[in-house]
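Presented below is the structure to which this report refers.
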Amino acid sequence: MALSLGFHIIFAEIGIAMPLLMVLAEWRWRRTGDAIYLQLARRWAKGTAILFAVGAVSGTVLSFELGLLWPSFMRLAGPVIGIPFALEGFAFFTEAIFLGVYLYGWERVSSRAHMSAGLIVAVSGAASALFVVIVNAWMNTPAGVTVDAGRFVTIDPLAAMRNPSTFQQVVHMLLAAYASTGLAVAGLHAAVLLRNNTLFHRRAMMVALTIGIPAALLQPISGDTSARAVARWQPVKLAAMESLLDTQRGAPLHLVGIEIPRALSLLAFRDPDAEVRGLSAFPRDVWPPIAPVHLAFQLMVILGTLMALVCAWAAVTTLRRREIADHRSLLAALALLTPAGFIATEAGWVVTEVGRQPWIIGGIMRTGDAVTPMPGLAVPMIVFTLIYLGLAAVVAISIASLVRETT
Amino acid sequence: MIGLPEIIAGVIAVALNAYVLTGGADFGGGVWDLFATGRRRGRQRELIADSIAPIWEANHVWLIVVVVVLFTGFPSAFSMLGTVLHIPLTIMLIGIVLRGSAFVFRSYGPYGRTHWGRAFAIASVITPLLFGTIIGSIATGAVADAADKIDGAATFSEVFVRPWAAAFPAAVGFFAVALFAFLAATYLTVDTQDEELREDFRIRGLAAAGAVFVAAAVALVLAHSAAPRVAIGVVGALLIQAATAVAAIAAITALWLRHYRVARLAAAAQVSLILWGWMIAQYPYLIPPTLTIRDAAAPAVTLRLLAVGLVVGAVILLPSLHYMLRTFKTKRRA
Ligand code: HDD
Ligand code: HEM
Ligand code: HEM
C-alpha cells in the first residue's frame, strides 16, 4: 500500500498541476497567437495523457488495495471515510471525461469549450486531492466518532471531514503538487536551455515557473502551519520529527547539524519558551520509528528551503526585467532542482505516515490489527514493485523523448 | 422491503451494469486486437484503438464508483471480498494496470506499437476472465463460507484458493470474456463506415455469440452442482431468463441481417439482463449465503450522506457524460 501510494502520489501531483500548465499555454496561444504556445499546449497534453493513464491505473490499484490489505480498517472506517472517497470518485469521473474531451477534442469543440474542458480537468484534479487528503487527515487526527471497545458507537462523517488536520494538509498537498510539477517541468526545460537556447524551451520554462514559483514560495509558510498543527494535535509525531527525547522548555531546532536555540518552541507554539513534549513523555509502545521520521522531515525542509530560495532568485530576476533564460547559473540551479519537489513530497509523506505509527487511525486502531490475515503478502509486494519500476522507467523514457522532440 | 440499503445496492448494480457495457466492451476490443487476422488486421486494430481511445478512462471510472460505493455503503462485504478473493482480485488489478498503461504507451510511448499492442491485448483477456471468475465464486457461496473459516483451522488453500479456483467460476470467467468480445464486435460494426471492416466484425460478433452460448451452457450445467443459489434463482426468475433469451436472439438476428444499430442495442440489453439476472437471483444477499444487503449495510447516517453525494455526483456527471459522448459522435470540425 505504501509502495503503491508512493508511486501514485507522483502521478497524482502531475495530474493536479499539469492540466493547469496546459491550459495556461493554450490561453497564451489564444491571447498572443504565438504558435509556439499551441505547440507547447499540445505537447503537454500528450504528456498529461500518459501520466493520467498511469495515475488512473495506479489509483485503481489503491482503491482495491484498501480492501485487499486492510480489510479490518475498511470495515471499521469505511462508513466514516467513504463519503470523501465517493466524492473523490466523482471528481475522477469529471476529470477523465473532460480530459478525453480536451485531448481528442481540438478539432471537435469550440475554442471556449476546449479551454473550459482543460480548466475543469485542472479543478477536478485538485478536488480529488482535496477529498483524499481529507481521508488521510482523518487518519492522523480522527474526529466525528465516538469509540467504545474498538468499535465506533456513533459516527458523523461530515464532522470527520472537518478534522483538525484537514485544512493544513490539503493546502500543503496542493501547493506541493504545483511546486513540484511546476519546478520539475521548468527544470527539464532549463536543462535543455543550457545546451540549446530556443524560444520553445524559454516559453515552456516561463509558463511552468508561473505556477512553480508562487507555490514554492508559499510552501514553507504552509509547512510551518502544518508543523504547528502537528505540535498541537500529534505531539508524538512532532517529537519524532525533531527526535526530541526529553520534554524541554525553549526547545532548539536542529537542521543539518546546526542547532538554533529555542527555534522549535518558537516555530511550534509561537513562543520561544514554550514547553515541547519529548518522546519520553509518552509510553514506548506509541513511539513511531524515530530515525526515518526525523531524517525525512529534515530532507523535506532542506529541499523546501532550497526550492523557495531558487524561486525567490528567479522571481527577483524577472522583476528586474532580466531573462531567466540568459542566466546560466540560475538555469543550472533550476535544472538541479528538477526532482526536488517530488523527493520532498515522498519525504513529507513518510513524515506523516511513519510518524503516525503504530496507529493506522490515530489513537484508535493499530496498524497491526488492520492487516489482512492472508499470508504470503511478499508475493504481491514484489510483483507490484516490479510493475511500478517498469512503468516508471517507460514513463520516464516517454517523457524524455517528448521533451527532446523539439530542440 | 426496499429501503436505503437496497437503493444504494441498486446504485452499485447500475454502476456495475454501466461498467460492463462500457468498460467491458473496451476489454472486448482488446480481445479482438489479440485475434486480429487477415489482410485487414492493421486496420482492425486501428479501428479498435480509435473507438476506445477517447473514452476508456471515463469508462473505467465506473469500476471505481462500484468499489467506492461498495466500501462506503457495505464495508463488511468489501472487507470479505478483499480478504477471501485477494488472489484473483490482485491478478485482475495487474491486468487492469497493464491494459491501461500498455494502451497509452502504444500511442505515445517508446519501443513501437507491436509490443505494447500485445501486452494490451493479453491483459484485455485476462482481466475479464478474472472478473467473471470473481462473480462466479461469489455466486457459489464459497466466498462467504471461506470467510467463516478464516479464524479456524482451515488451510491456506481452503480459504484463499478453493473458493474461486473451481470449475463454475472458471466457466463464468470464460463466459465474461466471450460476452465482452461479443459486445465489442457489435459496437465496432456501428463505429466504422468501412464496409469491409464492418463485415469483419459482423463475422466476429457471430462467432463470439457462438462462444457465449457454449460458455453459458457449460456454466449452467455446472451451476446445478456448484452454485445452488444461482440455479434456484435463475429458475425463479424465469421472466428475466425469457427476456434475456429474446434479447440474445434479437441481437444475433439483427447482426445476421446487418441491422447494426439494432444489434448493438439488443446486445447491450442482453448483457445487462444477464447481469441483473444474477443479481436478482441472489437478492437479498450481497454475498450468499450469509451476508445480506441489510447485514452488510453501513450505519444510516453514512447511507443518507452517501445518497446525497450520489445525487450531487449524478447531477454533475450525467450531463458531462452526455456531452462527452455527443462530442465524439459528431464529426471533426474542419
Ligand atoms: C513540494 C513538496 C514539499 C515541500 C517543499 C515541503 N513539504 Fe511538507 N509535506 C509535503 C510536501 C512538501 C507532503 C505533500 O508530502 C506532505 C505529506 C502529507 C501532507 O499533507 O503533505 C507534507 C507534510 C508535512 C508535515 C506533516 C503534516 C502532518 O503530518 O499532518 C509538516 C509538519 C510539513 N510538511 C512541514 C513542512 C515545512 C516546515 C516545509 C518547509 C520548507 C515543508 N513541509 C516543505
Ligand atoms: C489518502 C492518502 C493515504 C492513505 C489513505 C494512506 C493509508 C495508509 C495506511 C492504511 C497505512 C498503514 C499501513 C502501512 O504500513 O502500509 C499507511 C502507512 C504508510 N503510508 Fe500511507 N496513506 C496515504 C498516503 C500516503 C502517501 C501519499 C504516501 C507516499 C509515500 C504514503 C506512505 C506511507 C508509508 C511509507 C507508510 C508506512 C508506515 C510504516 O509502516 O512505518 N502514504 N498509509
Ligand atoms: C495523498 C494522496 C493522493 C492524492 C493527492 C491523489 C490524487 C489523485 C489525482 C489528482 C488523481 C487523478 C489522476 C491523475 O491525474 O494522475 C488520482 C487518481 C486516482 N486516485 Fe488518487 N490520490 C491520492 C491517494 C489515493 C488513494 C489513497 C486512493 C485509494 C482509494 C486513490 C485512488 C485513486 C484512483 C482510483 C484514481 C484513478 C481515477 C481515474 O481513473 O481517473 N488515490 N488521485
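Below is a table of values for the structure above.
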item: Pick from region A:47-98, criterion among the charged types (D, E, K, R) and within 12 Å of ligand 2 (Cβ to nearest atom), ranking: nearest to the chain's Cα centre (by Cα); result: A:E88
item: Residue in region A:193-206 that is buried (at least 19 other Cβ atoms within 10 Å of the Cβ), over 25 Å from A:A122 (Cβ atoms) and more than 16 Å from ligand 3 (Cβ to nearest atom) present; result: yes
item: Helices (runs of 4 or more DSSP H) lying entirely in region A:323-393 (those with 2 or more residues that are of a type in the set (G, A, S) and within 11 Å of ligand 2 (Cβ to nearest atom)); result: A:340-356, A:367-370
item: When residues of region A:106-145 are limited to those that are of a type in the set (F, W, Y) and within 13 Å of chain B (Cβ to nearest Cβ), the one nearest to ligand 1 (Cβ to nearest atom); result: A:F131
item: Residue match in region A:72-85 (condition: in contact with a His (Cβ under 8 Å, 6 or more places away or on another chain) and away from ligand 1 (no atom under 16 Å from the Cβ)); result: no
item: Failed condition for A:V310, given (1) within 13 Å of ligand 1 (Cβ to nearest atom); (2) surrounded by fewer than 17 Cβ atoms within 10 Å (Cβ to Cβ); (3) under 20 Å from A:M205 (Cα atoms); result: (2)
item: Test result for A:G100, within 16 Å of ligand 1 (Cβ to nearest atom) and of a type outside the set (D, E); result: no
item: Flag for B:I87 being more than 16 Å from the chain's Cα centre (by Cα), under 30 Å from B:A9 (Cβ atoms), surrounded by fewer than 22 Cβ atoms within 10 Å (Cβ to Cβ) and more than 7 Å from chain A (Cβ to nearest Cβ); result: yes
item: Region A:390-404 residues that are within 10 Å of another protein chain (Cβ to nearest Cβ), paired with ones that are at pLDDT 80 or above and not in a helix (DSSP H, G or I) (beta carbon under 6 Å, 6 or more apart); result: none
item: All helices (runs of 4 or more DSSP H) inside region A:193-302 with 2 or more residues being farther than 21 Å from A:H172 by Cβ; result: A:199-233
item: Counted residues, region B:17-61 - those being surrounded by fewer than 20 Cβ atoms within 10 Å (Cβ to Cβ) and within 14 Å of chain A (Cβ to nearest Cβ); result: 4
item: Residue satisfying condition, being in contact with a His (Cβ under 8 Å, 6 or more places away or on another chain), away from ligand 3 (no atom under 13 Å from the Cβ) and of a type outside the set (A, V, I, L, M), within set A:G33, A:G55, A:G59, A:G105; result: A:G105
item: Test: residue in region A:28-35 that is over 18 Å from the mean Cα position of the chain (by Cα) and of a type in the set (A, V, I, L, M, F, W, C); result: yes
item: Flag for A:M173 being modelled with pLDDT of 85 or more and away from ligand 3 (no atom under 13 Å from the Cβ); result: no
item: Residue tally, condition within 14 Å of another protein chain (Cβ to nearest Cβ) and touching a helix residue (DSSP H, G or I) at 6+ places or on another chain (Cβ under 7 Å), over region A:159-180; result: 2
item: Index of the failed condition, A:E323 passing every other in (1) surrounded by fewer than 14 Cβ atoms within 10 Å (Cβ to Cβ); (2) among the acidic types (D, E); (3) under 17 Å from A:V230 (Cβ atoms); result: (3)
item: Unmet criterion (only one of (1) facing chain A (nearest Cβ under 7 Å); (2) surrounded by 20 or more Cβ atoms within 10 Å (Cβ to Cβ); (3) within 22 Å of A:P79 (Cβ to Cβ); (4) of a type outside the set (S, T, Y)) for B:P299; result: (2)
item: Residues satisfying the stated conditions in region A:86-97, i.e. away from ligand 1 (no atom under 16 Å from the Cβ), under 19 Å from A:V54 (Cα atoms) and without any contact (Cβ under 8 Å) to a residue 60 or more places away in the chain; result: A:G89, A:F90, A:A91, A:F92, A:F93, A:T94, A:A96, A:I97
item: Hits in region A:27-53 - residues which are away from every other protein chain (no Cβ under 14 Å), in a helix (DSSP H, G or I) and surrounded by fewer than 24 Cβ atoms within 10 Å (Cβ to Cβ); result: A:W27, A:R28, A:W29, A:R30, A:R31, A:T32, A:A35, A:I36, A:Y37, A:L38, A:Q39
item: Some residue of region B:254-267 being touching a residue at least 24 places away in the same chain (Cβ under 8 Å), at positive phi and either more than 10 Å from chain A (Cβ to nearest Cβ) or in a helix (DSSP H, G or I) (or both); result: yes
item: Single match in A:R232, A:R270 (criterion: in contact (Cβ under 8 Å) with a residue 40 or more places away in the chain, surrounded by fewer than 22 Cβ atoms within 10 Å (Cβ to Cβ) and within 13 Å of ligand 1 (Cβ to nearest atom)); result: A:R232
item: Only listed residue being touching a strand residue (DSSP E or B) at 6+ places or on another chain (Cβ under 8 Å), part of a helix (DSSP H, G or I) and modelled with pLDDT under 85, chosen from A:A77, A:A56, A:A96, A:A86; result: A:A77
item: The lone exception for A:L309 - which of (1) farther than 30 Å from A:I361 by Cα; (2) part of a helix (DSSP H, G or I); (3) over 26 Å from the mean Cα position of the chain (by Cα) it fails; result: (3)
item: Flag if A:F131 is free of Cβ contacts under 8 Å to residues at least 40 places away in the same chain and part of a helix (DSSP H, G or I); result: no
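The values are calculated or read from the model by the stated rules, or taken from the named source; none is laboratory data. This one's a predicted model, so the numbers in the text were calculated from it and none came from an experiment. Using ideal geometry, Cβ is built from the backbone for each residue, glycine included, and neighbour counts are taken over all protein chains shown.
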